[in-house]
């Protein structure tokens, strides 16, 4: 789909944690350093840190105290969620893992449904299946080449969620 055909919807603020996450994400989406926060179900920020362009540090105590929390952070490189993001979410039993970029907001939940042992292999296999489809869309002028990377991540997670039984959503910003 080309950029002009994108349909923007209001951000999902259906819970206190999501409302707090959206407010923070709107502030950090264009930052050049990764900024992350752990947000409790009641919307309270448990911990928030600024890191480098490719990671944000949290102490083990902060991570362990985030049981059932929402973890949100920006990706300055304009990429969607990584397998590592989900591995961390699962290891520390976060409810939801979120990534915001200048163009999108990504949400994956509940993290405890994700089986991480084979996640990277599953992700790689699904990516290999999606690439030819997107190349065809570029050739047919259905997808702009500049959207290839974000669309690849989106469709890979979308297909994995359906196949592996967790929820995934991407919102246009």
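The values are calculated or read from the model by the stated rules, or taken from the named source; none is laboratory data. A quick note: this is a predicted structure, and the numbers were derived from the prediction, not measured. For neighbour counting, all protein chains shown are included, and Cβ atoms are generated from backbone atoms with ideal geometry for every residue, glycine included.
Just the residues that are surrounded by fewer than 16 Cβ atoms within 10 Å (Cβ to Cβ) and either assigned to a loop (DSSP other than H, G, I, E, B) or within 14 Å of the chain's Cα centre (by Cα) (or both), please, taken from region 52-66.
52, 53, 54, 55, 57, 59, 65
Among (1) closer than 13 Å to residue 157 by Cβ; (2) modelled with pLDDT of 90 or more, which single condition is residue 68 missing?
(1)
Considering 37, 41, 21, 17, which residue is surrounded by 12 or more Cβ atoms within 10 Å (Cβ to Cβ), part of a loop (DSSP other than H, G, I, E, B) and at pLDDT 95 or above?
41
Going by what's in this entry, would residue 160 be described as touching a strand residue (DSSP E or B) at 6+ places or on another chain (Cβ under 8 Å), part of a helix (DSSP H, G or I) and either modelled with pLDDT of 90 or more or surrounded by 13 or more Cβ atoms within 10 Å (Cβ to Cβ) (or both)?
Judged against the criteria, residue 160 is a match.
Here is a yes/no grid of residues against (1) within 17 Å of residue 36 (Cβ to Cβ); (2) in contact with a helix residue (DSSP H, G or I) (Cβ under 7 Å, 6 or more places away or on another chain); (3) surrounded by 18 or more Cβ atoms within 10 Å (Cβ to Cβ):
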| position | (1), (2), (3) |
| --- | --- |
| 85 | yes, no, yes |
| 98 | yes, yes, yes |
| 114 | no, yes, yes |
| 146 | no, no, no |
| 168 | no, yes, yes |
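If we keep just the residues of region 94-140 that are without any contact (Cβ under 8 Å) to a residue 60 or more places away in the chain and part of a loop (DSSP other than H, G, I, E, B), which is nearest to residue 11 (Cα to Cα)?
110
For region 90-113, which residues satisfy the criterion of being over 11 Å from the mean Cα position of the chain (by Cα) and within 15 Å of residue 70 (Cα to Cα)?
90, 91, 92, 93, 94, 95, 110, 111, 112, 113
Which one of the conditions (1) modelled with pLDDT of 95 or more; (2) surrounded by fewer than 13 Cβ atoms within 10 Å (Cβ to Cβ); (3) under 16 Å from residue 107 (Cα atoms) does residue 27 fail to meet, given that it meets all the rest?
Every condition holds for residue 27 apart from (3).
Could we say that residue 84 is within 17 Å of the chain's Cα centre (by Cα), more than 22 Å from residue 168 (Cβ to Cβ) and free of Cβ contacts under 8 Å to residues at least 60 places away in the same chain here?
no
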